[in-house]
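Student: Below you will find the structure I want to go over with you.
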Amino acid sequence: MKLSDGAKKILNDPARIKRRDEWFCRLQNLFDGKRGANVTAIKGLCGYPADGMILYANPEQFVA
């Protein structure tokens, strides 16, 4: 199946690509344990990892 010209135009829109790249940057910051990487919130509360903690290296400690 080939993409239509309209779909290609939408998917290659610079504004959409910029937004996608910003989102991936936020996710990377979260996984790297950087402060200010507010990607998820539970009931309006945003958590921050302990200093130097990396989410994917020790997820149980990150959640605690």
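Student: What nm value, rounded to one decimal, do you get for the distance between residue 10 and residue 58 when each label is placed 7 Å out toward the C-beta?
Tutor: 4.5
Student: Could you pull out every one of the aspartates and glutamates with an alpha carbon less than 19 Å from that of residue 2, ignoring same-chain neighbours closer than 8 positions?
Tutor: 13
Any read-out appearing in this document is the output of simple, stated calculations on the displayed coordinates, not a laboratory observation. The structure presented is a predicted model; accordingly, all values stated were derived computationally and were not measured. Using ideal geometry, Cβ is built from the backbone for each residue, glycine included, and neighbour counts are taken over all protein chains shown.
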